[in-house]
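One structure below.
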Number of protein chains: 2
Amino acid sequence: MSDPLVVGMVGGGQLARMTHQAAIPLGLSLRVLAERADDGAALVAHDVELGSPDDLAALTRFAKGCDVVTFDHEHVPTAVLQTLEHDGVVTRPSSSALVFAQDKLAQRRRLSALGLPVPAYAEVREPADVAAFAADHGWPVVLKAVRGGYDGRGVWMVDGPLDALPGAAVPGSGVYVEQRVPLVHELAVQVARRPSGEMRAWPVVETVQRNGICVEVVAPAPRLSPGLAADAERLALRIAEELDVVGVLAVELFEAPGGLLVNELAMRPHNSGHWSIEGARTSQFEQHLRAVLDWPLGDPTPLAPVIVMANVLGGDDTDLARTLPIALAGEPSVSVHLYGKQARPGRKLGHVTAMGSDVVTVRASARRAAALLRDGREEDA
Amino acid sequence: MSDPLVVGMVGGGQLARMTHQAAIPLGLSLRVLAERADDGAALVAHDVELGSPDDLAALTRFAKGCDVVTFDHEHVPTAVLQTLEHDGVVTRPSSSALVFAQDKLAQRRRLSALGLPVPAYAEVREPADVAAFAADHGWPVVLKAVRGGYDGRGVWMVDGPLDALPGAAVPGSGVYVEQRVPLVHELAVQVARRPSGEMRAWPVVETVQRNGICVEVVAPAPRLSPGLAADAERLALRIAEELDVVGVLAVELFEAPGGLLVNELAMRPHNSGHWSIEGARTSQFEQHLRAVLDWPLGDPTPLAPVIVMANVLGGDDTDLARTLPIALAGEPSVSVHLYGKQARPGRKLGHVTAMGSDVVTVRASARRAAALLRDGREEDA
């Protein structure tokens, strides 16, 4: 074999950890830029560098010798990315695409300009802007950090006029306001795109959130009309193409009474696609690698009629060393994925995937396995 | 999470490489003792030590800090293993089980004593012993190295009396003689066993050899009667129990006109089980880890009616960097596994797995993908 290509991934969390796992059969070893030596990917990858994702010198060192650099998060500042690109580093996705996953206000503006459906929104500079928006759209409204929010952070439900903006909670980021969408369901659709333009889509999934955190994903979305599923796929493919995304693009959608609305974009493997590791012929992690290397994309067809992924969130005294054997014994057909993290209440410690033909049964298995991992008991909080 | 358990694997080849891949979702990082820094597993694992598997000092250093030590090959001398065990190292399987995978004559004797079916065999000390055996069983006979043979090495077809024994080809190993079995098919069955006694079996598979090297595995074995399949499974479970195997046991079988005969034993993940990575709910690599950690075993049920694994052997000028994109484009539904090795003619460089419902179609996909990887062309030599 000629020297293998080197894919560098900025960020050492569970997405990089699972991408390394997918890199092995492709003859690759992921090069990881982790912030800490005990980050999930840093514990398992062979080629790990330590450094901060906003440190240009660290990124420059890291990128040297990488054939392509990609990302497990959105935390590299746009200016830093642009400098790297100017210096010849191949970043996939590029800074000009990634900005629409980093800056939610820029995303709203761009998608609106393309005529794509987003919730009504407005820029906010002072508290009066919120009230003005609510005068048109009604209370409550949703305030969102422009950059840096995730897993429910950087999102505030607002019932009435404010004295001050909460933006200080997310340093360096402004906020914007958006209508509160009366939800039917939350959906996500993932597609992959390579530089040569080839694209593939996984089936649309339903995501279940609790306190702003995804707790469960059902693939394919069980209550979705074929028409809306096709709309969602078209929407995601169009976004990938218009924004020139390379790699995996996850489009989080609201299924609202009036139709689909885009919520967020992520240009990397995403929690809504973890089901694909066992559940699809080609997982999102393998596909992301194939896409950023401009290799032919794989077949995203699901391997079972129903696949359910449940996140394992830390409980008050989760001890995975104790609970893992309990979960393995209790659900021997469920696949377990642990991220190598210290347990803390509410922290995503791993996920489980169940497959089968009946959504009620499969969902029960996944929930039970996740509850056993968290508490060693079956109770599902 | 409490400090994760540390599983050490002696040997850094593709079996360790794929075991590391399976360790990641279980929250583990495999510790690998590799002979060379560019061994397949050494290229991808985080925790790699270099050392020879017959060097007691290297093994002792390596084992320190491992909760359990297991093996990707049979090359650790029995006396070295016994010393490690005496010093408190937990080896799974233990030296007293592993010897029956290392010493084929000991295996034949032990299985015969248990009343299990093996080909007629005899110890050989001098050429006359071969002729005496042939007088009873007819020419040709098969001479086999007692230790160290693999992939067709250490096996000699002999048509008539010999002047000298070929044992010198396998240093330190004697030879024994065995009847040439008129084959119907070659089969393999894999089971896993944990110290507490729990066992699980994957379906019996058919293996296809060329020049003594496995080139293809079809799971489940397509031409096997249910009765013989049940016999094979019972046989493997009985061997695992009688020999006190811990981990995965692969039993290679001849399906001969008179019934099943045991050919070889391997007490580790085995080429005949690579199909289980995508094709079974629990792969042999994950199951081996669960077994050696005495964790509950997983469900070995296949995920498709037919799964075919084809090995990718190096051709005269195989260049995987060139051929991988060709294979990915040509067979987008086939899973590719590369082992990170330099290409050499005849060397196992990787394998591919195809899944579906029709054995002819699935086999054709697997063969085509393997041929594309070897040569960049469809021809299947």
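The values are calculated or read from the model by the stated rules, or taken from the named source; none is laboratory data. Everything numeric here is computed off the predicted structure, so don't read it as measured data. Positions of Cβ are backbone-derived with ideal geometry, glycine not excepted, and every protein chain shown enters the neighbour counts.
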Only one of these is assigned by TED's automatic domain parsing to the domain that holds B:ALA250, in contact with a Ser or Thr (Cβ under 7 Å, 6 or more places away or on another chain) and either modelled with pLDDT of 95 or more or of a type in the set (Phe, Trp, Tyr) (or both): B:LEU289, B:LEU372. Name it. B:LEU289
When (1) assigned to a helix (DSSP H, G or I); (2) in contact (Cβ under 8 Å) with a residue 24 or more places away in the chain; (3) over 23 Å from the mean Cα position of the chain (by Cα) are applied to B:VAL89, the one that fails is (1)
If you go through A:ALA42, A:ALA34, the only one that is without any contact (Cβ under 8 Å) to a residue 24 or more places away in the chain and crowded, with 22+ Cβ neighbours inside 10 Å is A:ALA34
Restrict the check to the stretch A:291-306 and report whether at least one residue is acidic (Asp, Glu) and assigned to a loop (DSSP other than H, G, I, E, B). yes
For A:ALA364, the lone unmet condition from (1) surrounded by fewer than 23 Cβ atoms within 10 Å (Cβ to Cβ); (2) of a type in the set (A, V, I, L, M, F, W, C); (3) modelled with pLDDT of 95 or more; (4) touching a helix residue (DSSP H, G or I) at 6+ places or on another chain (Cβ under 8 Å) is (4)
Can you name the residue in the stretch A:198-241 that is touching a helix residue (DSSP H, G or I) at 6+ places or on another chain (Cβ under 8 Å) and among the charged types (D, E, K, R) and, of all such residues, is surrounded by the most Cβ atoms within 10 Å (Cβ to Cβ)? A:ARG200
Lone unmet requirement of (1) over 18 Å from A:PRO220 (Cβ atoms); (2) assigned to a helix (DSSP H, G or I); (3) away from chain B (no Cβ under 14 Å) for A:SER272: (1)
Residue by residue through the stretch B:232-261, note down the ones that are under 21 Å from B:VAL292 (Cα atoms) and assigned to a strand (DSSP E or B). B:GLY247, B:VAL248, B:LEU249, B:ALA250, B:VAL251
What residue, among those in the stretch B:307-338 that are β-branched (Val, Ile, Thr) and assigned to a loop (DSSP other than H, G, I, E, B), is farthest from A:PRO325 (Cα to Cα)? B:THR318
Take the residues in the stretch A:54-83 that are surrounded by fewer than 20 Cβ atoms within 10 Å (Cβ to Cβ) and touching a Pro at 6+ places or on another chain (Cβ under 6 Å), then tell me which one is nearest to the other protein chains (Cβ to nearest Cβ). A:HIS75
State yes or no: is A:PRO195 in a loop (DSSP other than H, G, I, E, B), assigned by TED's automatic domain parsing to the domain that holds A:LEU253 and out of contact with any strand residue (DSSP E or B) (no Cβ under 8 Å at 6 or more places or on another chain)? yes
When the stretch B:276-299 is checked residue by residue, the ones that are of a type in the set (Gly, Ala, Ser) and more than 8 Å from chain A (Cβ to nearest Cβ) are B:SER276, B:GLY279, B:ALA280, B:SER283, B:ALA291
Members of the stretch A:360-369 found to be in contact (Cβ under 8 Å) with a residue 12 or more places away in the chain and away from every other protein chain (no Cβ under 14 Å), listed by number: A:ARG363, A:ARG367, A:ARG368
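Residue-wise test of (1) in contact with a helix residue (DSSP H, G or I) (Cβ under 8 Å, 6 or more places away or on another chain); (2) exposed (fewer than 14 other Cβ atoms within 10 Å of the Cβ); (3) farther than 22 Å from A:VAL208 by Cα.
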| residue | (1), (2), (3) |
| --- | --- |
| A:ALA120 | yes, no, yes |
| A:GLU123 | yes, no, yes |
| A:VAL130 | no, no, yes |
| A:PHE133 | no, no, yes |
| A:ASP151 | no, no, no |
| A:VAL155 | no, no, no |
| A:ASP159 | no, yes, yes |
| A:PRO182 | no, yes, no |
| A:GLN190 | yes, no, no |
Hey, among the residues in the stretch A:21-53 that are among the acidic types (Asp, Glu) and closer than 20 Å to A:GLU74 by Cβ, which one's nearest to the other protein chains (Cβ to nearest Cβ)? A:ASP39
Residues that are in a helix (DSSP H, G or I) and of a type in the set (A, V, I, L, M), drawn from the stretch B:114-164: B:ALA128, B:VAL130, B:ALA131, B:ALA132, B:ALA134, B:ALA135
Of all residues being among the hydroxyl-bearing types (Ser, Thr, Tyr) and over 21 Å from the mean Cα position of the chain (by Cα) in the stretch A:312-359, which is farthest from the other protein chains (Cβ to nearest Cβ)? Just the residue, please. A:SER357
Residue pairs, Cβ under 7 Å, 6 or more apart or interchain, first in the stretch B:196-225 and in contact (Cβ under 8 Å) with a residue 24 or more places away in the chain and at positive phi, second assigned to a strand (DSSP E or B) and of a type outside the set (Phe, Trp, Tyr). List them. B:GLY212/B:VAL155
For B:ALA230, indicate whether it is under 22 Å from B:SER96 (Cα atoms), aliphatic (A, V, I, L, M) and out of contact with any Lys or Arg (no Cβ under 9 Å at 6 or more places or on another chain). no
